[in-house]
Ligand code: ADP
Ligand code: MG
């Protein structure tokens, strides 16, 4: 467990509701993520975890309640929305790298196109970040030439290149072969130790125990339990959580 940050809220969800047609996917969600905190979200498939992540950088709109990021309501469109997307990084299960671009180009594209950085400065920074995630030697290759674990580490470097205030991880290791899971988790643990604010959807309970400040258990569109990792794993309060943990541990 890490204890970073100054404890001020970075993102606050207040009575957030979301429907997909008749399906009520987020039901009155109230949740705050504090600066420097690592919040792990776990729960059964279909419970709304991905949708929750996606509302925070407004890849999904909400239809009730509000979300406050860094003191401001989430912007609806335009420059505000572009800035939000650069301030809230996202790492997906499926890496989502640009297949026809090199690793280096994948990492410099956002800083150059969105943040208006000069190419030289962006490349220097990208190489530092690739070094940090252990991929610098692969900078001129294309994503398909890298393993899944390497590609996911590039995706993390790409998110970091935007200098985000927070990174959302949606099951970042679920698509990886087992032997590659740890190399990605190690990078995430090191980010956590450096004080990055992170919201992480994962089934990796070892990561949750090592790095999380708080665990949120989500099922059926609701936050069912919220606790420290020790308390949550040691003595889950609800039958729902007990049942879930008995299946994955
Ligand atoms: P989780 O990540 O916990 O598995 P999701 O947030 O992906 O859950 O999905 C929650 C529910 O919303 C599921 O029933 C899913 O099928 C549904 N859902 C997710 N995205 C969409 C969408 N774009 N359109 C319609 N239904 C969706
Ligand atoms: Mg999901």
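The values are calculated or read from the model by the stated rules, or taken from the named source; none is laboratory data. Values in this document were obtained by computation on a predicted structure and should not be read as measured data. Counting neighbours? That spans all protein chains shown, and the Cβs are built from the backbone with ideal geometry, glycine included.
The table for this structure:
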read-out	value
Members of region 158-175 that are surrounded by fewer than 20 Cβ atoms within 10 Å (Cβ to Cβ), out of contact with any strand residue (DSSP E or B) (no Cβ under 8 Å at 6 or more places or on another chain) and on the phi < 0 side of the Ramachandran plot	174, 175
Failed item in (1) surrounded by 15 or more Cβ atoms within 10 Å (Cβ to Cβ); (2) within 20 Å of residue 184 (Cα to Cα), with residue 68 passing the rest	(2)
Unmet requirement for residue 210, which otherwise passes all of (1) buried (at least 16 other Cβ atoms within 10 Å of the Cβ); (2) out of contact with any helix residue (DSSP H, G or I) (no Cβ under 7 Å at 6 or more places or on another chain); (3) at pLDDT below 95	(2)
Among (1) modelled with pLDDT of 95 or more; (2) over 18 Å from residue 180 (Cα atoms), the one test that residue 117 misses	(1)
Wholly enclosed strands (runs of 3 or more DSSP E) of region 1-100 bearing at least 1 residues within 13 Å of ligand 1 (Cβ to nearest atom) and closer than 22 Å to residue 198 by Cβ	9-20, 23-34, 38-42
Which numbered condition residue 45 misses (of (1) under 27 Å from residue 187 (Cβ atoms); (2) at pLDDT below 95)	(2)
